1. Once label points are set 7 Å from the Cα along Cα→Cβ at both residue 43 and residue 344, what is their separation, rounded to one decimal in nm?
2. Considering only DSSP beta bridges where both residues belong to the chain, give the percentage that are antiparallel (nearest 5).
3. Relative to the first principal axis of the alpha-carbon coordinates of the chain, what is the inclination of helix 2-16, with its axis defined by its Cα atoms, in degrees from 0 to 90 and to the nearest 10?
4. Which residue, 38, 223, 339, tops the fluctuation ranking in a GNM of the chain built on C-alpha contacts under 10 Å?
5. Based on Cα positions only, what radius of gyration and what Dmax would you give for the range 26-180, in angstroms?
6. For mean projected area of the Cα convex hull in nm², which listed value, [x] 18.1; [y] 20.9; [z] 26.0, comes from the coordinates shown?
7. On each of the three principal axes of the Cα atoms of the range 194-268, give max minus min coordinate, whole Å, ordered largest first.
8. What do you get for the angle between helix 134-145 and the principal long axis of the chain? Use alpha-carbon atoms, 0 to 90 degrees, nearest ten.
């Protein structure tokens, strides 16, 4: 039953989007038709060039599910970059496993961005890739085999196949971000036959980039004490050409995307993975130039949990100037309206709502934020 509700939730969320800036397409590569979703930022202007980010789905997942789950469209709109969600063959990426796809995915992803560059104004010095699980593995494969094309990569709950790790030889230094939970039961933190241990992978890239192997460890503020996990940011700096390796270690975290649209297992709510990935990418271009800190956008995201919800939701990190919070259904009808207090946290009783998809709209003086949630 929950799977049916979740599938309906994802479909409704995609259909609800009114942005004409999100389109689907397909190209042929190696005799196979490959499809994708591309989202342009709301201020897209074809007279300007834009950074480009791949966001790759996990094994058995899809582009549309990854788009909804990661919520990266909102980050792209806030920060002005193009995000593309391609589909792997047979819902998988060829990363060196004995199962799944045997497609030429490095070639496909390189060809796809070249093709899209003929339609959209993409900054060729600012191509990036991130992904969830199998998509994280694939981003590492791009780092190994296409480092001359991609400026930086990030992996969430992914790793590297041990044989791929042993033979990885990038042609240039490349910044890397890893986000992983210590309680991940799918891609084991300590490693397995399908994926090397996460700390081993992080140290490999710190070594590749000639970083200082004594990292700076920065605790992430535990703003949500109900998510069952906490995080720390481990930074390897003093690398060649100002490169960097950053590792978000989530103590107790499961196989999940931090601050994802829905909670499936222990999902960290102390930081937003999509935003942190972008802030990391935004510091580097293909020439190895670390961009100014002025380019790092510290957008404050409102957190909603739990999601899906049965009785009560909590909104945290509310803007200081919030005036009203309303809940609307999938056709935009107001169901709940609540005047905001001075607190940065607010609880709302949604127990009376019917099962389905809803949207919380947080109205501030100069802007409005929208968060989707599922009532079950």
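1. 2.5 nm
2. Counting DSSP beta bridges with both partners in the chain, the antiparallel share is about 65 percent.
3. Tilt relative to the chain: about 90 degrees.
4. Largest GNM mean-square fluctuation: 339.
5. My reading of the Cα-based Rg and Dmax gives 14.5, 45 Å.
6. Here the calculated entry is [x].
7. The Cα atoms of the range 194-268 stretch 39, 31, 19 Å along their principal axes.
8. So the inclination is approximately 30 degrees.
Quick note: the coordinates plus some simple rules give every number you see, no bench work behind them. What you see is a predicted model; the values in this text were computed from it and never measured. We place every Cβ from the backbone using ideal geometry, glycine too, and count neighbours over all the protein chains shown.
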